[in-house]
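The values are calculated or read from the model by the stated rules, or taken from the named source; none is laboratory data. These numbers were taken from a predicted model, which means no experiment stands behind them. A quick note on method: Cβ atoms are made from the backbone with ideal geometry, for glycine too, and the neighbour counts reach across all protein chains shown. Side chains are part of the model used for accessible areas, which takes the heavy atoms of the whole protein and leaves out ligands, DNA and RNA. Shrake-Rupley method; radii C 1.70, N 1.55, O 1.52, S 1.80 Å.
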Amino acid sequence: MSGSFFIALVLAFLTAIGGRDQLLIARLRAANGSRGGLPLLVTGIACALATGALAAWAGGYVDAMISDAAETMLVAFALGLAGVELLWPNREKHLLEPTRSLGAIGLVLLARQVSDGPRFVIFALAANSGAPLLTGIGGALGGALAIVLGWSLADTLESLPLRPVRLGFGIIALISAVVIGLTARGIVV
C-alpha cells in the first residue's frame, strides 16, 4: 500500500517536469520578480494538490465500478493519454503582460493540470492500486514538488533540456500503455 504513495509521488513529479503548469509558474515568477513570490507559489501548490486529489478520486471511483479487465484497459488508455500529452510539443508564447491576479492564474493552472500527463498517471495508478487515498496524496505531493521546482528555478528552468526529458517519459508511458493493453486483452502474457 505505501508503495502506491511513493510510486505516485515519483511518477507525478517526473512527468510534470517541463509541463505547461511548471513553465507557467516559472515564467510568472521571472516576469513579476519579487511580486511573484509566496502567493504565486501557494496558488500553484494548491492547484496541484486539488487536481491530484481529483484525479485520484476519479480513479478510485472508477475502480469500484468496473471489472478488473476493464480497469486494466482503462489504465492503459490513461497511460496512453499521458504519453501523448508528454510527447506533444509545448509551443506557448512567452507572457507579454503577466497577470497578477492569483484567481486567474489559479483557473489557468487548474485547467492545464486537469488534462495533463501527471494527472492521467495519478488517475491510472489510483484505478489500479486499490489505494486511491495514498496514490492521491503521493501524486498531489509530486505535482506540488514540480511546481516548487518551477518556482524555484524561475529564469533558469527553460535553459534545462526539458524537451528530451518529456520525450523520454512520453515514450515510456506509451510503451507501458501498449504492453498493459495487450496484457489485458490476453495477447501478451
Among the numbered criteria (1) touching a Leu at 6+ places or on another chain (Cβ under 8 Å); (2) open to solvent by less than 40 Å² (accessible area, probe 1.4 Å); (3) part of a helix (DSSP H, G or I); (4) closer than 14 Å to D116 by Cα, which one does F13 miss? (2)
Quickly run through the range 166-187 and pick out the residues that are outside any helix (DSSP H, G or I) and open to solvent by 60 Å² or more (accessible area, probe 1.4 Å). R185, I187
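Please tell me if R163 is within 24 Å of R29 (Cα to Cα), open to solvent by 60 Å² or more (accessible area, probe 1.4 Å) and in a helix (DSSP H, G or I). Before you say what the answer is, go through the steps one by one.
On the way: within 24 Å of R29 (Cα to Cα): yes; open to solvent by 60 Å² or more (accessible area, probe 1.4 Å): yes; in a helix (DSSP H, G or I): yes.
So R163 fits the description; yes.
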In the range 38-89, the residues that are within 20 Å of V148 (Cβ to Cβ) and of a type in the set (S, T, N, Q): T43, T51
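How many of the residues making up the range 83-113 are modelled with pLDDT under 85, under 25 Å from L41 (Cβ atoms) and within 16 Å of the chain's Cα centre (by Cα)?
Within the range 83-113, the subset modelled with pLDDT under 85 is 89-101.
Still in the running and under 25 Å from L41 (Cβ atoms): 90, 92-101.
Filter again for within 16 Å of the chain's Cα centre (by Cα), leaving 90.
Number satisfying all stated conditions: 1.
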